[in-house]
Amino acid sequence: MAIPSSASEFLVADTYTYDRRSTNRWIVSHILRYKFVLVRILIGAWGNAACNFAVPALIGVAFNEMVKPAPDLNVVALCALAIVISQLVRGTLMFMRNFGSETMGQRIERDTRAELYASLLGKSMTFHGLQTVGDTMARATNDVHELNLMFSPGINTIIGSMMFLLFPVFTSPTIHPQLLLSPALFVIGYFLSIRFYSSQLKPATEAVRERFGALNSGLAEAIDGIETVKAASQEKQELSAFNRRATAVRDAFVGQSDIEARFIPLLLLGLAEGTGFLHAIILFRAGQINVGGVVAYMGALQMFGFPTWVSLFGFSQLSLGLAAAARIRQLIETETELDQNIAGHNAAIQGTVQFENVGFGYRDGAETLHNINFTVKPGQTVAIVGQTGAGKSTLIKLLNRTYDVRSGRVWIDSVDVRDWTMEALRSQISIIEQDVFLFSRTVAENIAFGLPGATQAQIETAARAAQAHEFILNFKDGYQTIVGERGVTLSGGQRQRLALARAFLTDPRILVLDDSTSAIDSATEDQIQRAILNAARGRTTFLITHRLSQIRWADLILVLRGGQIVAAGAHADLMRTSESYRRIFAATAEPFAAENLSVAAR
């Protein structure tokens, strides 16, 4: 499996290096990985053409024998036997060629899909934030499969047809030197027309692939946001948008077909056969060739029929494959800002965190964070508060290098996070977000996602710590219950407790809870609050929350407004010194009091 040559957050062992300097070089490097298979294809194609030409050549010999006053039937019988043998050999060689081509196509599809997947895993969140999922899926599935089809049957038929073009050119002069004229003119005209045809076909096939990607992207967005579509009663509008994209794909295919309909080699084939037959008859009447020569020559010209007809399909498939390959290579070669930094710092995190004059902004956007400065000691708990859009979630994503700072530095244990190996850094920092993502796997597999080798006992211990064990046992299959895609079969509180269990299992040195108890009722929160308090002991913890029950016990509270820290300190100090904090506290106090009343009533 090859790896991206650019910087990457994730790399795999490089067992084969692909040349990505251009799309054609990249494809050739994939082909050359299987040189033996390629040799088999070429031998099979050459042998197929040779055995095919043997038929008219042997029939020509038989004709010459039959027109004699006293024909030798043994010669005719030997010609017939030779034809049978040649076709048996031809069938074997065709099988070898086709099997090799299919093997090549399937292996290249597999290798390309693995190469692309490894590349996508290594891309930064900035890349994934800008690249639509639907278009990525179109490239990873349909475009990759187009590479398979480009080899088999596309390139397979093209290689075979090239051999059929060569034999008439080389064998016609053996009948009579002048008979080279028609085959030579046809081959010249054929290649000129194919060059023109391919140049016309290229933009058409590129449009087909691009519009299919747009169709897939729109479909993925609509399905992913189906709840929003239904809630707003926008099914008709989404259907209309889908029909417009589907029509664009159809129009692109029609445009491609229009170019294919103007395939000039079909006209050239008729001219070559007509003029070649006339030339052979003239030479026959002049006594320069015999009837067998005419038959053999016309049989040779008939070989042009195969490359002419299959080229209409073969070169269209080649053009589609090249367009797909360009899209795949473009995705692989898109550079990412982050690097795995394999040779970087690798140690157990103690928990000291320092932000020094940190500034950050998303690509091509204004700065989201400005001049952020604070220091956290090992084992301390930090609460980050502020209005929506203040930059709270963005700030904590700089810890594990989900994004890199634009200016300043983030230090962990006095080491710049950019100097840590990505694996050492991220394996010791656990971030639980409000929008919890769960895989369509069992409950146990979701909890053990960060620690695949975890035992059932470890999984259950983590679930108990997150107050999830009881509701898991209420499922029919318990820990082996399959969770629906993105956890849609679970409530918000259940998803977040599974995410907490996942974090507890990995025992991170830095724990980040990004409003992770927002979907949990007050009674459950009391239980989870105790679990979080236990989990926070001995590790540095960051809380992004509006719940006073969590804010008040933090060692340090950071108040963000407009991407800047406007106040920092303990709860009691901020209540005295920070008007911004007092406003946040007042806004939060009323729902907090209502929660307490509700709990008391129960």
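The values are calculated or read from the model by the stated rules, or taken from the named source; none is laboratory data. Keep in mind the model is a prediction, meaning the values are calculated, not measured. Virtual Cβ from ideal backbone geometry, glycine too; neighbours counted across all protein chains shown. Surface areas here come from the heavy atoms of the whole protein model, side chains and all, with no ligands, DNA or RNA. Shrake-Rupley method; radii C 1.70, N 1.55, O 1.52, S 1.80 Å.
Membrane-span-like helices in the chain (whole DSSP H runs, Cα extent of at least 27 Å along the helix axis, mean Kyte-Doolittle hydropathy of at least 0.5): 35-66, 73-121, 156-175, 265-285, 305-333.
Would you work out if the stretch 368-439 is rounded, prolate or oblate? Take a ≥ b ≥ c from the square roots of the eigenvalues of the alpha-carbon gyration tensor; rounded if a/c is under 1.5, else prolate when a/b is larger than b/c, oblate otherwise. Rounded, because the longest to shortest axis ratio a/c is under 1.5. For the stretch 9-106, the calculated P(r), taken from all Cα-Cα distances in 10 Å bins from zero up to the bin holding the longest distance, is 14, 27, 21, 15, 11, 7, 3, 1, 0 percent.
Round to a whole angstrom and tell me the spacing of the C-alpha centers of the stretch 233-266 and the stretch 35-55. If you average the Cα positions of each part, the centres end up 38 Å apart.
Rank Gly314, Leu331, Gln131 by how far each Cα sits towards the positive end of the charge dipole of the chain (+1 on Lys, Arg Cβ; -1 on Asp, Glu Cβ) and give me just the farthest. Farthest towards the positive pole: Gly314.
The lysines whose alpha-carbon is closer than 26 Å to the alpha-carbon of Lys377, local same-chain residues fewer than 8 away aside, are Lys392, Lys397. Would you work out which of Gly189, Ser217, Val249 lies farthest towards the positive end of the dipole of the chain, given +1 charges on the beta-carbon of Lys and Arg and -1 on that of Asp and Glu, about the Cα centre? Result: Gly189, furthest along the dipole toward the positive end.
Dipole check for the stretch 189-343: with +1 at the C-beta of Lys and Arg, -1 at the C-beta of Asp and Glu, and the Cα centre as origin, the magnitude is about 780 Debye. Which value at 222 nm does the chain reach when only helices count, each DSSP H run of 4 or more adding -39,500 (n - 2.57), with the total divided by all residues and rounded to the nearest 500 deg cm²/dmol? Result for the chain: -20000 deg cm²/dmol, rounded to the nearest 500. For the chain, DSSP calls about 50 percent of its internal beta bridges antiparallel.
If you sort the three axes of the alpha carbon gyration tensor as a ≥ b ≥ c, you get a/c of 1.5 or more for the stretch 82-126 and a/b above b/c, which makes it prolate. Per residue, the average separation of C-alpha pairs within less than 8 Å and at least 6 apart gives the chain a relative contact order of 15 percent. Dividing the C-alpha radius of gyration of the stretch 139-271 by 2.2 N^0.38 Å, with N its residue count, gives 1.60.
Counting protein heavy atoms only, the chain has 60 percent of its accessible area on carbon and sulfur, 1.4 angstrom probe.
The order of the peptides 412-424, 493-505, 393-405 by mean Cβ neighbours within 10 Å, most packed first, is 493-505, 393-405, 412-424. Accessible-area rank, largest first, for Asp19, Asp435: Asp435, Asp19, with all protein chains present and a 1.4 angstrom probe.
With semi-axes defined as the square roots of five times the eigenvalues of the C-alpha gyration tensor, the equivalent ellipsoid of the chain measures 72, 23, 22 Å, largest first. Taking Cα centre as origin and charging only the Cβ of basic (Lys, Arg, +1) and acidic (Asp, Glu, -1) residues, the dipole magnitude of the chain rounds to 540 debye. The radius of gyration of the Cα set in the stretch 464-503, together with its Dmax, comes out at 9.5, 25 angstrom. Probing with 1.4 Å while keeping every protein chain in the model, the per residue accessible area of the chain equals 48 Å².
Selection among Leu42, Val84, Thr375 by position relative to the dipole of the chain gives Val84 as farthest towards the positive end (Cβ unit charges, Cα centre).
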